[in-house]
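Contents: one structure, followed by commentary.
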Amino acid sequence: MVSSELVEDPQTANYDVIVIDPEITNCENELFDAKVQAPRLLAENRFMHYYIAMGCQMTSILQPKKPNEY
């Protein structure tokens, strides 16, 4: 099932994907600053950066369903 946002407003979907990445970086920085050793969490964060990059690329090529609606 495709999200209606992907079809109706791909620019917003792209923005939603992009804004998540700095939050993951902030999480990593907080862990390092607190000297928390959480290798599994850091590994999962690397996967999230990868998936965000993929999502950003995919949503950046989508076109609105009704391009001249604005």
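Derived value for segment 4-62: Kirkwood hydrodynamic radius 12.4 Å. Basis is the mean of 1/r over every pair of different alpha-carbon atoms. For the pair ASN45 and TYR15 in one chain, pulling the backbone fully straight at 0.36 nm per residue adds 8.9 nm over the alpha carbon distance. When ILE20, ILE61 are compared by accessible area of protein heavy atoms, the largest-first order is ILE61, ILE20, using a 1.4 Å probe.
Averaging the sequence gap over all C-alpha pairs within less than 8 Å and six or more residues apart, then dividing by the number of residues, gives segment 4-62 a relative contact order of 55 percent. In a DSSP loop and with at most 15 other Cβ atoms within 10 Å, the trypsin sites (Lys or Arg not before Pro) in segment 27-56 are LYS35.
The values are calculated or read from the model by the stated rules, or taken from the named source; none is laboratory data. The model shown is predicted, which means the values in this text are computed figures rather than measured ones. Note that each Cβ is placed from the backbone with ideal geometry, even for glycine, and that neighbours are counted across all protein chains shown. These area figures cover heavy atoms from the full protein model, side chains too; ligands, DNA and RNA do not enter into them. Shrake-Rupley method; radii C 1.70, N 1.55, O 1.52, S 1.80 Å.
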